[in-house]
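FYI, it's all coordinate maths here, none of it is from the lab. This one's a predicted model, so the numbers in the text were calculated from it and none came from an experiment. Here the Cβ is made from the backbone with ideal geometry for all residues, glycine too, and neighbour counts use every protein chain on show.
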Amino acid sequence: MKFALSLLVICAFQHTSLAAPSALTKRLENGLGRTPALGYNNWNNGGCTHATAESALNVANLLISLGLKDAGYTYVNTDDCWSSNSRNSTGHLVPDPTKWPQGIKPVADEIHSMGLKFGLYGDAGIMTCAGYPGSQGHEVQDALTLAEWDVDYWKHDACYLPCGDSGDVPQGCYDPNSSTKPYYGIMRDALAEAGRPIFFSICNWGRDSVWTWGKDYGNSWRMSNDIANNWGSVASIAARAAGIAEYAGPGGFNDLDMLQVGNGGLNENEERAHVGLWAIAKSPLLIGTDLSKLQNSTLNILKNKALIAINQDTLGKAATYFQPAGASAPVDGSLYPYWAGPLSDGVVVGIVASEGAANLSVSFADVPGLGSGSWEWSEAFTGATGEGTGVSADLPAHDMRVYKVSKGTLMYSVR
Ligand code: GAL
């Protein structure tokens, strides 16, 4: 019986994992991103609208006054549309003077003086996705500029790169033979030489199986197209992340994209599952909503200490699907209810009512890293604690529970 269960568990992992990577331990060693980045990015809150100094400083103040900084959210990142339409006569990037009247550095300085970090956005191609100057051919110069401005985090997008043999440089390229990888290598090396540690956030929307090489190139890598403000998008990105969990580790993480909580497209249950799934998949958690209008329910989810501790666990291993005895197997592309992954001091078990209201239960005997016997657990969203051979929850549609099961506290064993 035990053998049969183990076999099922192994099968579940085989179902969801991709081909064995060659050098999982090799990572970009710039000392950054040992745990997933926590912070803010303005893009999901109105696209280009808030790529301004005023907005970045407002965000910094609100991260502090709402207790989000104390909860761990430190990056204040500005996305596309912060720069002028063209470079200056010496080829340097120039912040839009109406959006950044003092320039970038004084804003970065002020954000640093508040105990926070400052991030900016650029592109590996000739233009950003919104049509501002890209870094192609200017990588060294741009990296030095970022270091001069004391920027801490650089998101490198993939618009307007050469595509195929035709010489076309479209906004988005879908030619499988056109690799984005070399462009990220050039920027990685430029940043490494720039004289300041800068978190390198790869944003190529999961092209070129970026998870297989992202760890040698960046501190995180987007593994999907842009998240949309609805449950279907959240569920499909999470389902994809389950299959590439093994590539996450200290220094380099799968980036499931910026959070949509607070933007009105998800109900409270779905917001819990969104942050819960991103947290256990070890994604960066970058808030993307108007912080001045945050509901308490959303704020409480974002500030959930137990959940953030799981996301920031030093082991840095991402949770993935496991198949309980008697449950049907995961289906490619669909969100599966049962998740688990190792922590430095235990195991995280996630259950999500992916298809609709459900009574979900997990026997610890079925969970990789646990086994038969009685274990102590605590649940992140309800604060419930207990001990026993498993857990169960009656969940409304799309809600989630995240259990930390403590390895050191096996109460008795039936081996
Ligand atoms: C997309 C990217 C988004 C956002 C946007 C800005 O390519 O995936 O996260 O940065 O560009 O134009």
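Using helices alone, what [θ] at 222 nm do you get for the chain, with -39,500 (n - 2.57) per DSSP H run of 4 or more residues, divided over all residues and rounded to the nearest 500?
Working: 11 runs with 106 residues, N = 415.
The helix-only estimate for the chain comes to -7500 deg cm²/dmol at 222 nm.
What angle, in degrees between 0 and 90 and rounded to the nearest 10, separates the Cα long axis of helix 139-148 from the longest principal axis of the Cα atoms of the chain?
90 degrees
Name the most mobile residue of 332, 216, 290, meaning the one with the largest mean-square fluctuation, in a Gaussian network model of the chain with Cα contacts below 10 Å.
Among 332, 216, 290, the largest GNM mean-square fluctuation belongs to 332.
Order of 155, 99 from fewest to most other C-beta atoms within 10 Å?
Values: 155 26, 99 19.
Lowest count first: 99, 155.
Can you tell me the Rg and Dmax of segment 31-311, counting just the alpha carbons, in angstroms?
Answer for segment 31-311, Rg first and Dmax second: 17.6, 52 Å.
Set the bar at 19 Å for Cα to Cα. Now go through 105/155; 155/293; 117/155 and name every pair that lies beyond it.
Over 19 Å Cα-Cα: 155/293.
Give the value in nm², to one decimal: projected area of the alpha carbon convex hull of segment 268-415, averaged over all directions. The partial results should precede the final answer.
Numbers: hull surface 36.1 nm².
Seen from a random direction, the Cα hull of segment 268-415 projects 9.0 nm² on average.
Using the alpha-carbon atoms, what tilt in degrees (0 to 90, nearest 10) does helix 181-192 show relative to the longest principal axis of the chain?
Helix 181-192 and the main axis of the chain meet at about 70 degrees.
Measuring from centroid to centroid over Cα atoms, what is the spacing of segment 341-394 and segment 74-139 in Å?
With segment 341-394 and segment 74-139 each reduced to a Cα centre, they are spaced 44 Å.
How far is helix 2-16 tilted, in degrees, relative to the longest principal axis of the Cα atoms in the chain, given as a value from 0 to 90 rounded to the nearest 10?
Helix 2-16 sits at roughly 20 degrees to that axis.
Would you mind telling me which residue in 106, 36, 95 has the biggest mean-square fluctuation in a Gaussian network model of the chain, where springs connect alpha carbons within a distance under 10 angstrom?
Result for the chain, Cα springs under 10 Å: 106 fluctuates most.
For residue 404, go through the aspartates and glutamates and keep the ones whose alpha-carbon is under 14 Å away, minus same-chain ones fewer than eight residues off.
313, 345, 376, 379, 387
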